[in-house]
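No lab work stands behind these numbers, since they all come straight from the coordinates. For clarity, every value in this text was computed on a predicted model and none was experimentally measured. Note that each Cβ is placed from the backbone with ideal geometry, even for glycine, and that neighbours are counted across all protein chains shown.
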Amino acid sequence: MARQLRVAAAQLGPIHLADSRGSVVERLIALLGKAHRSGCGFVVFPELALTTFFPRYYMENQEHVDAYFEKEMPGRETAPLFEEAKRLGIGFHLGYAELDGARHFNTAILVDTDGSIFGKYRKIHLPGHADHRPDAPFQHLEKRYFEVGDLGFPVWRAFDGILGMCICNDRRWPETFRVMGLQGVEMVVLGYNTPTDNIYHSEPVHRRMFHHLLSLQAGAYQNGTWVVAAGKAGKEDGYGLIGGSAIVAPTGEIVAQSITEEDELIAYDCDLDVGRDIKENVFNFDKHRRIEHYGLITSQTGVVPPPK
Ligand code: CDV
């Protein structure tokens with residue numbers, strides 16, 4: 001019998017500093033309802049979906065930083081989202097800043113149709129810098145505000161398939177997808193906040209979008225998996241984020257893509273068996289991988305050129 005999952009990527013337009021958690025949760029609930037009415041069983045929300053993309057702001061006062069973090073999930077303000085999902089019988093993926101005791105993570109969770117959390121991932125590839133750069137047009141302080149995730153890249157049996165997660169910058173690293181590919185992943189879900197401007201080197205926005213989609217498509221094809229990516233888009237208090245939320249088939253083809261920079265739902269009926277041909281042929285890992293030649297991938301981080 002076909003294993004079919006109708007899934008939605010729920011893109012969010014800008015969330016401004018002045019927007020309350022409650023108002024954001026209302027937007028998430030509206031998108032959840034829309035997904036349910038279009039027959040979806042699962043919705044993917046973006047990275048750090050409850051607040052503005054705060055790593056762009058330098059803060060010295062830890063209390064100010066912690067105000068962007070959730071001490072419990074669900075908490076008082078997020079509980080209505082879980083209750084509505086349970087009422088509708090729809091699962092979801094949510095990215096948020098997690099405060100676990102004194103530890104800070106950029107986290108995503110998988111929530112089942114009964115409102116229970118069954119999966120957690122903490123972002124591993126943290127981009128940006130930890131120091132204040134007053135000359136830059138904005139900051140990217142993920143290395144200051146978050147610890148590197150400590151949960152690896154697990155996958156879960158859910159919704160009749162095998163699901164995995166990563167977050168934003170993780171999608172640019174082939175290792176992310178391959179570790180999940182080696183566990184038979186059939187759908188990787190992720191949220192992102194990709195600024196339109198690159199503060200490190202000049203890069204036109206069309207290339208930012210190209211690299212975003214290229215990463216999703218390569219990860220999907222090279223591992224025979226669906227990829228569902230939901231972004232934050234538009235100008236948050238004047239700071240731009242690319243849209244381009246997308247659903248990518250295991251063939252690497254984009255089957256749905258957002259067209260606005262606002263709250264927008266895209267959906268697709270995903271056949272979870274579509275990746276089987278790829279997994280059994282061109283990327284039959286068991287048959288074709290040559291791990292005796294891959295040692296450098298786990299033994300070193302930086303580039304070591306040959307001696308001159
Ligand atoms: N939130 C992110 O991880 N953003 C990065 C930016 C900094 C390049 C990304 O990979 O999109």
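What the table shows:
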{"read-out": "Least to most buried among HIS129, HIS140 (fewest other Cβ within 10 Å first)", "value": "HIS129, HIS140"}
{"read-out": "Overall form of region 202-274 per C-alpha gyration tensor (a/c, 1.5; a/b vs b/c)", "value": "oblate"}
{"read-out": "Whole-Hz ³J(HN,Hα) from phi, Karplus 6.51 cos²θ - 1.76 cosθ + 1.60, for region 210-227, glycine and proline x", "value": "4, 5, 4, 5, 4, 5, 5, 5, 5, x, 5, 4, 5, 10, x, 10, 5, 10"}
{"read-out": "Sites VAL148 and GLU77 - FRET efficiency at Förster radius 25 Å, r taken between beta-carbons, to 0.05", "value": "0.40"}
{"read-out": "Cα gyration tensor, region 231-308 - rounded (a/c under 1.5), prolate or oblate", "value": "oblate"}
{"read-out": "Total charge dipole magnitude, the chain, about the Cα centre, Cβ charges on Lys, Arg, Asp, Glu only, Debye to nearest 20", "value": "680"}
{"read-out": "The chain - percent relative contact order, Cα under 8 Å, separation 6 or more", "value": "21"}
{"read-out": "Amide H contacts under 5 Å for GLN4, placed H, 5+ residues apart", "value": "LEU272"}
{"read-out": "Region 153-304: antiparallel DSSP beta bridges as a percent of all, rounded to 5", "value": "55"}
{"read-out": "Net +/- balance of residues flanking PHE53 in space, Cβ distance below 13 Å, scoring K and R +1, D and E -1", "value": "-3"}
{"read-out": "Lys/Arg +1, Asp/Glu -1 at C-beta; region 1-131 dipole; positive extreme among GLY39, VAL25, PHE69", "value": "GLY39"}
{"read-out": "Charge dipole of the chain about the Cα centre (unit charges at C-beta), most positive-ward option of TYR239, VAL303, LEU190", "value": "VAL303"}
{"read-out": "Gyration tensor verdict on region 161-308 (Cα atoms; rounded if a/c is under 1.5, prolate if a/b is larger than b/c, oblate otherwise)", "value": "oblate"}
{"read-out": "Residue-averaged 222 nm ellipticity for the chain, from DSSP H runs of 4+ at -39500 (n - 2.57), nearest 500", "value": "-7000 deg cm²/dmol"}
{"read-out": "Estimated FRET transfer efficiency when R0 is 30 angstrom, pair ILE291-ILE117 (beta carbons, to 0.05)", "value": "0.30"}
{"read-out": "Fewest-first ranking of THR298, THR78, using other Cβ atoms within 10 Å as the exposure measure", "value": "THR298, THR78"}
{"read-out": "Mean Cα-pair separation over length for region 227-308, i.e. relative contact order, pairs under 8 Å, 6 or more apart, %", "value": "18"}
{"read-out": "Entries in LYS123/LYS235; LYS120/LYS235; LYS123/LYS308; LYS71/LYS123 that, when Cα-Cα distance is taken, lie over 26 Å", "value": "LYS120/LYS235; LYS123/LYS308"}
{"read-out": "Trypsin sites (Lys or Arg not before Pro) lying in DSSP loop within region 1-45, provided at most 16 other Cβ fall within 10 Å", "value": "ARG3"}
{"read-out": "Estimated vicinal HN-Hα couplings, Hz - region 72-84 in sequence order (Karplus 6.51, -1.76, 1.60; Gly, Pro = x)", "value": "8, 9, x, x, 4, 7, 8, 3, x, 5, 5, 5, 5"}
